[in-house]
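Down below is the structure, laid out as structure tokens.
Please treat every number below as a calculation from the coordinates, not as lab data. Source: prediction; values computed, not measured. Quick reminder, even Gly has a Cβ in these numbers, built from the backbone with ideal geometry, and neighbours come from all protein chains shown.
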Amino acid sequence: MAPFRAADLLRRKPVAQVEGEHPPEHLPRTIGLFQLTMLGVGATIGTGIFVALTTAVPAAGPAVILAFVLAGITAALTALCYAELASTIPVSGSSYSYAYATLGEFVAFIVGACLLLEYAVSASAIAVGWGQYLNEMLVDLVGWKMPDAIAKAPGAGGVFNLPAVVLVGSCMILLLRGVKESTTINAVLVVLKLLILAFFVIVAFSGFQARNLTPFMPMGLAGVGTAAGSIFFSYIGIDAVSTAGEEVKDPHRTLPLGIVLSLLIVTAIYILVALAAVGAQPWTAFAGQEAGLAVILRNLTGQAWTSLVLCVGAIVSIFSITLVVMYGQTRILYAMSRDGLLPKLFQRLDPRTRSPDLNTYVVAAFIAVLAAFVPLDVLMNLTSMGTLIAFAIVSLGVIILRRIQPDLPRGYKVPLYPVLPVASVAFCAYLVWKLPADTWLLFAVWVAGACAIYFGYSRKHSRLNG
């Protein structure tokens with residue numbers, strides 16, 4: 001057992017070393033600006049709209065629109081911080097790598113654990129939502145739906161969520177074919193998804209009724225904060241963009257642009273779809289409503305084909321989200337293994353595809369188990385917790401790196417520094433505070449496990465050790 005030294009917890013990886021690390025089996029740069037932007041949009045749009053409205057609307061009422069605004073402002077502040085760090089340290093690992101260069105090894109490891117948690121749980125949550133829309137499509141096509149025993153998790157009235165496992169397995173197969181093929185297919189899926197959401201907005205606004213917006217804020221400001229905290233996990237796309245830092249062409253320019261563009265597209269669409277949804281249906285009807293957007297269209301038009309179109313779009317949309325989230329998690333494992341904080345087997349690349357295949361198998365198995373056996377409502381808040389913690393640390397990293405290396409070349413700088421990074425931390429802290437107590441407890445258990453791994457393995461195997 002290596003002797004404990006408090007300094008080990010604070011050892012930082014020099015930025016030049018972080019950016020200059022390209023071992024013989026480095027990841028090739030194959031992703032352009034359009035693919036990167038679609039990566040962020042694909043990772044974000046879908047969860048908050050297709051899945052989480054049934055939880056967020058009952059918490060805030062029609063003021064769920066403000067909840068999306070609040071979450072969007074928080075994400076915007078963080079996105080600017082991400083853009084600066086991503087243009088300065090364009091490598092795989094995203095906020096994990098940023099924390100390693102600014103806050104030290106122990107904080108970086110905990111951030112990595114938060115990222116692994118948020119990616120796995122969010123992928124599981126959206127896989128569960130995918131099964132709901134698949135069932136709704138079967139109802140529209142053949143008037144039959146899968147029995148709850150194979151379509152829901154045990155805590156939600158079922159035994160084993162088979163559709164969610166099928167989705168995760170399909171994404172795993174695609175990722176094993178290589179990242180260039182995966183991101184290209186994802187870009188096509190995202191364009192299709194945007195067209196489907198535009199179809200929903202047009203039809204829903206045709207039945208818009210102003211009386212559905214009153215009372216606008218039945219749960220008060222507290223309800224808006226609670227809803228914003230629960231839906232924030234849908235902004236994981238910002239982090240997913242930066243995990244591709246080592247595989248992006250011209251990263252100093254492309255990464256900041258990709259992050260900002262994806263966020264602007266996502267927030268505008270979220271607010272527009274949420275407004276159309278609460279205007280077309282009373283807010284009290286959202287609670288417990290599965291495949292909510294499809295049901296709204298069927299109820300509004302009385303035509304099954306409108307619901308079918310929406311279901312097909314949701315199925316495609318959620319597929320693309322799961323694909324991107326699984327991609328991001330495999331790259332975080334790769335980055336942590338390369339630093340010696342996880343076993344070396346997680347940095348092995350397939351000789352043909354140059355992708356970390358073992359990571360893909362491990363990630364897919366973990367996500368599939370969660371999706372098969374854990375209900376949707378248990379997964380969502382835990383994902384938001386991990387996302388917000390990682391985002392807050394990125395914003396702190398901007399402040400610290402400006403102080404310790406003010407002359408470091410930066411492709412982009414946060415405006416109104418240090419006001420915006422401080423505001424980002426404050427907004428994240430507020431949304432974390434609004435999460436329920438059981439989420440805090442589950443998160444504490446996960447962090448305790450991460451600490452055990454760090455002190456039992458990572459500290460002495462770190463490449464910075466000695």
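Here is how the numbers come out for the structure above:
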quantity	calculated
Distance in nm between pseudo-label sites at Arg463 and Trp305 (7 Å out along the Cβ direction from Cα)	5.8
Cβ-placed point charges (K, R +1; D, E -1), dipole of the chain about Cα centre in debye, nearest 20	720
For peptides 455-463, 204-212, 50-58, sequence by mean Cβ density within 10 Å, most packed first	50-58, 455-463, 204-212
Size of electric dipole in segment 226-353: Cβ of Lys, Arg +1 and of Asp, Glu -1, about Cα centre, debye, nearest 20	200
Above-threshold pairs, the threshold being 32 Å between Cα atoms, out of Lys152/Lys460; Lys249/Lys460; Lys145/Lys193; Lys344/Lys413	Lys152/Lys460; Lys249/Lys460; Lys344/Lys413
Difference of contour (0.36 nm per residue) and Cα-Cα distance, Val191 to Asp377	64.1 nm
Cα-based helix-to-principal-axis angle, 292-301 vs the chain, degrees rounded to 10	30
Nearest 10 degrees, 0 to 90: helix 357-373 Cα axis against the chain principal axis	40
Highest average packing first - 355-366, 439-450, 124-135, Cβ atoms within 10 Å	124-135, 355-366, 439-450
Expected 222 nm ellipticity per residue - DSSP helices of 4 or more, -39500 (n - 2.57), all of the chain, to 500	-23000 deg cm²/dmol
Segment Val419-Thr284, length gained on full extension (0.36 nm per residue, minus Cα span)	44.7 nm
Lys/Arg +1, Asp/Glu -1 at C-beta; the chain dipole; positive extreme among Ser124, Pro163, Gln303	Ser124
